[in-house]
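One structure is given below, encoded as structure tokens.
The values are calculated or read from the model by the stated rules, or taken from the named source; none is laboratory data. Computed from a predicted structure; not experimentally measured. Cβ placement follows ideal geometry from the backbone for every residue including glycine, while neighbour counts extend to all protein chains displayed. The protein model used for the area step is the full one, side chains on, heavy atoms only, and it has no ligands, DNA or RNA in it. Shrake-Rupley method; radii C 1.70, N 1.55, O 1.52, S 1.80 Å.
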Amino acid sequence: MHSSPLTALCPAAAVSETWTPPSPRPYLRPKGHAGSGGERRLALSLTLPGDLRSARIARAAAVAALETRGLNPYVWPVTHAVTELVAVAAGMSPGMELYVSLRHRDDAVRLLVWDQHRHHAAPDLAAVCETRRRRALWLLAAITDDWGGEWGMGEAPQPQWGTKSWVMLPR
């Protein structure tokens with residue numbers, strides 16, 4: 001897939017040196033993670049290219065997964081949330097892979113988008129970068145607030161790299 005001709009949202013993307021992410025480590029789910037008593041839970045995970053068109057793919061996959069599990073009330077807010085998170089993540093790290101995870105448990109939907117945009121060592125540049133990301137997610141903030149949910153973002157914990165953005169929407 002071709003990367004977008006748009007300029008990256010990160011102010012350092014145009015001037016930073018070439019960066020190669022460390023090789024990814026496998027994610028292993030702990031035993032006993034599935035629901036008890038044969039409970040069917042929503043669990044969708046996919047990796048997408050860092051391209052603005054990936055937002056459409058993530059949106060379609062999320063809608064299909066929610067409708068399949070009978071979680072239709074979540075379709076509207078999740079559609080908007082996944083679109084916003086993936087589009088902004090693609091803008092922050094164009095051409096790099098994005099990871100999307102959608103889960104339903106404990107009567108809430110949890111959405112996570114993890115991009116490979118590395119943390120900036122310079123505090124001023126890190127602040128500008130985070131401010132741009134938060135401003136780009138204004139619609140996500142409004143939808144999440146309207147649904148009584150929570151959202152946030154932060155640097156991925158070591159040994160991983162990048163930024164994880166998440167949304168939790170209660171029933």
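Mind checking whether some residue in the range 127-150 is out of contact with any strand residue (DSSP E or B) (no Cβ under 9 Å at 6 or more places or on another chain), among the charged types (D, E, K, R) and surrounded by 13 or more Cβ atoms within 10 Å (Cβ to Cβ)?
Scanning the range 127-150, I find at least one residue that is out of contact with any strand residue (DSSP E or B) (no Cβ under 9 Å at 6 or more places or on another chain), among the charged types (D, E, K, R) and surrounded by 13 or more Cβ atoms within 10 Å (Cβ to Cβ), so the answer is yes.
Kindly check whether there is at least one residue in the range 140-154 that is under 21 Å from Ser54 (Cβ atoms), of a type outside the set (Phe, Trp, Tyr), in contact (Cβ under 8 Å) with a residue 60 or more places away in the chain and in contact with a Lys or Arg (Cβ under 7 Å, 6 or more places away or on another chain).
no
Among the residues of the range 151-170, which ones are open to solvent by less than 30 Å² (accessible area, probe 1.4 Å) and either part of a loop (DSSP other than H, G, I, E, B) or modelled with pLDDT of 90 or more (or both)?
Gly152, Ala156, Gly162, Ser165, Val167, Leu169
Residue under question is Val63, and the condition is that it be touching an Asp or Glu at 6+ places or on another chain (Cβ under 9 Å) and farther than 24 Å from Ala156 by Cα; does it hold?
So Val63 does not fit the description; no.
Quick one: is Asp107 open to solvent by 60 Å² or more (accessible area, probe 1.4 Å) and out of contact with any strand residue (DSSP E or B) (no Cβ under 7 Å at 6 or more places or on another chain)?
No; evaluated as a whole, the condition is false for this residue.
Being open to solvent by less than 60 Å² (accessible area, probe 1.4 Å) and either out of contact with any helix residue (DSSP H, G or I) (no Cβ under 9 Å at 6 or more places or on another chain) or not in a helix (DSSP H, G or I) (or both): is that true of Leu112 here?
yes
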